[in-house]
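Novice: To start, I am sharing the structure in question, which I have written as C-alpha cells.
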Amino acid sequence: MIKLVKKAQKGNEKAFLELYQMYEEDIYRTAFVYLKNQEEALDVVQETAYRSFKSIKNVKEPEYFKTWLIRITISCSIDLLRQRKKIVHLNQDYQEVISAKQEEEDIPLSLTLRDLIEFLGEQEKEVIILRYYHDYTIKAIADLLELPLGTVKTILYRSLKKLRQQVKEVQLYE
C-alpha cells in the first residue's frame with residue numbers, strides 16, 4: 001500500500017484509483033453514519049475522492065493513508081451538515097412525506113444504532129465512529145483529531161455512558 005501511495009503522490013492516477021477503491025466502502029459508511037442519507041453520502045464519497053486526489057501530495061506518512069481519507073470524509077460530511085442548517089425547511093406535512101420516502105430508500109443500518117448515535121454531539125460521534133466503525137485505537141483517534149489522549153478517552157467514555165443510558169430508556173419503553 002505504501003508503494004501505491006508514493007506512486008499516487010507522483011501523479012499516477014491508476015495507483016490513486018486503486019488506493020481509493022480499497023477504502024471507498026469505509027468512506028461511504030462513515031459519510032452515511034453522519035448524514036443518514038444515501039444520496040448525500042454518495043456526494044461525500046465523490047467530494048472525498050476529489051479533495052484527496054487534489055491534495056495527495058500533502059500526505060506525509062503513507063501508512064496513514066486510510067486515516068487521512070477518513071478525516072477528509074468526516075470534514076466533507078460536517079461541511080454538508082453545516083450547509084443543511086442553512087436550508088429553509090418545508091412545511092411540516094411535506095417534510096414528513098419526504099422523510100418517510102427517504103427512510104425507505106436509505107441503506108438500512110441498524111435503526112437503533114442510528115437513533116442512538118443521533119443523541120451524541122459531533123465530536124462524540126467522531127470518536128465513536130472512528131473507534132467502533134473503523135477500529136482505530138484511542139491513541140490513533142487522538143492523533144487524527146489532534147486532541148490530547150485524555151480528552152479522547154473522556155469523550156469516548158462520556159459517549160458510551162450516553163449510549164448506555166439511551167439503551168436503558170429504550171428498554172423501559174418496550
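Novice: Which Cα, out of S75, Y64, V44, lies furthest along the positive dipole direction of region 25-89 (beta carbon charges, K/R +1, D/E -1)?
Specialist: Selected residue: S75.
Novice: Let me ask you something else. Fully extended, how many nm does the chain gain between R84 and K14 (0.36 nm per residue separation, minus their Cα-Cα distance)? Write down the numbers at each step before the final one.
Specialist: Details: separation 70, 0.36 × 70 = 25.20 nm, distance 3.41 nm.
Using 0.36 nm per residue and subtracting the Cα-Cα distance, I get 21.8 nm.
Novice: Could you tell me which chymotrypsin sites (Phe, Trp or Tyr not before Pro) in region 119-165 are loop residues by DSSP with no more than 15 other beta carbons within 10 angstrom of their beta carbon?
Specialist: F119
Novice: Subtract the Cα-Cα distance of L160 and E118 from 0.36 nm times their separation in residues, and report this length gain in nm to one decimal.
Specialist: 13.8 nm
Novice: Right, something else. How large is ³J(HN,Hα), in whole Hz, for each residue of region 14-27 in order, when computed from phi with the Karplus curve 6.51 cos²θ - 1.76 cosθ + 1.60 and θ = phi - 60°, using x for Gly and Pro?
Specialist: Computed from phi, the couplings for region 14-27 are 5, 5, 4, 4, 4, 4, 4, 5, 4, 10, 4, 5, 4, 4 Hz.
Novice: Still on this structure: Along the principal axes of its C-alpha atoms, what lengths does region 39-80 span, in descending order and rounded to whole Å?
Specialist: Result for region 39-80: principal-axis Cα extents of 31, 16, 14 Å.
Novice: Now for a separate question. Residue separation times 0.36 nm, minus the C-alpha to C-alpha distance between S55 and Y133: what's the value?
Specialist: Value of the extension gain: 25.6 nm.
Novice: Per-residue HN-Hα couplings for region 56-63, Karplus 6.51 cos²θ - 1.76 cosθ + 1.60 at θ = phi - 60°, whole Hz, x for Gly and Pro?
Specialist: Those phi angles translate into 4, 5, 7, 5, 8, 10, x, 5 Hz.
Novice: For K168 and E39, what is the calculated FRET efficiency with R₀ set at 41 Å and r taken between the beta-carbons, to the nearest 0.05?
Specialist: 0.75
A short reminder: the numbers here are calculations on the coordinates, not readings from a lab. All values reported here derive from a predicted model rather than from experimental measurement. Note: ideal-geometry Cβ built from the backbone for every residue, glycine included; neighbour counts use all protein chains shown.
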